[in-house]
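Report on the structure given below.
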Amino acid sequence: MDEPRDLEPDAICDGGDLDCGSGLLLIIRSAMSPLDAGGLLLVKSRETSVREDLPAWCRMVGHALLSETPADNGYRHFLLRKKTDDDKLGNDLEQARRHSWQVRVRWTSGMQAKVTVRNHGFAVGQPASFDTEDPAPSAIEFLLSAVAGALCTGLQWRLSRLGVEVHNLEVVAKARSQNSLMFLGVEDAGSPALAGIDVSFYIAADADDEQLQQVLGETVRRCPVTQSLVQSVAVDARLRKV
């Protein structure tokens, strides 16, 4: 990496806090695709593991890492020189489009089950419970956790790509059934589906309200969890600065 560091890049790619194994390399490869051989791509990243993974990837595929320099807001800048066209990009993007996630659930006893996801495992209780003393969260609580968790990390990541420092972020998701008695079998009319999901964001960040609202809207629009629900359930996401 002894090339001059004042070269002007032909394109810029901002990965924020995303690591190479979570999609950053696809973003980099897509940003580099329009460039001619020898073109320069500036990669911005705040994820520490990129310092090791990105040079290793460049050595493997043949692109040149010209420089690595620290920048503001915890960023490091990596200047890459494209070697050749990426013939496998189209196929890898198609694989990403068609990627499926899988969990395995095994009934254990009573109203309890064990969920296995990759090398993670956790217990899940009843589909919906009214008992605060249940030994495991109910399935509906895991659903709300998925919505809140996806929006929480998604919002922080998108803000990080804009160089916005997030000092504190907490998300609360609430929901009620259209008719819980339908689930219990007490009534036959109505629907046990959620009437809606109310998501409140409590955030302290170096951005004004307008920018935060714009990024939140983009986060909801691009979130695979919320977009899987909004076709039938309205998700109301609101920001509260703290």
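Here are the numbers for this structure:
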item	result
Dipole-positive endmost among GLN211, LEU143, PRO224 within the range 138-241 (Cβ charges, Cα centre)	PRO224
In degrees, nearest ten, helix 139-161 long axis to first principal axis of the chain (Cα)	20 degrees
Protection proxy ranking, peptides 73-80, 33-40, 127-134, average beta carbon neighbours within 10 Å, highest first	73-80, 33-40, 127-134
Estimated 222 nm signal from helices in the chain, with DSSP H stretches of n ≥ 4 weighted -39500 (n - 2.57), rounded to 500	-10000 deg cm²/dmol
Rough spin-label spacing in nm, given labels placed 7 Å along Cα→Cβ, for ARG240 and GLU52	4.1 nm
Rounded tilt (10° steps) of 50-61 against the dominant C-alpha axis of the chain	60 degrees
For the range 123-198, radius of gyration divided by Kirkwood radius, i.e. Rg to Rh on alpha-carbons	1.12
Spin-label pair PHE122/ASP92, simplified geometry with 7 Å Cα→Cβ offset, distance in nm	3.0 nm
Between helix 209-222 and the chain: long-axis angle, C-alpha atoms, 0 to 90°, nearest 10	80 degrees
Calculated FRET value between THR132 and GLN231, using beta carbons and R₀ = 35 Å, to 0.05	0.65
Net +/- balance of residues flanking ASP206 in space, Cβ distance below 13 Å, scoring K and R +1, D and E -1	-3
Percent of alpha-carbon pairs separated by more than 24 Å within the range 70-170	55 percent
The range 7-70 - charge dipole about Cα centre, Lys and Arg +1 at Cβ, Asp and Glu -1, debye rounded to 20	100 debye
Cα-centred dipole magnitude for the chain, charges only on beta-carbon of K, R (+1) and D, E (-1), debye, nearest 20	620 debye
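Readers should treat all values here as calculations from the given coordinates under stated rules, not as data from a laboratory. Quick caveat, the model's predicted, so the values are computed rather than measured. Cβ coordinates were reconstructed from backbone atoms using ideal geometry, including for glycine residues, and neighbour counts include every protein chain displayed.
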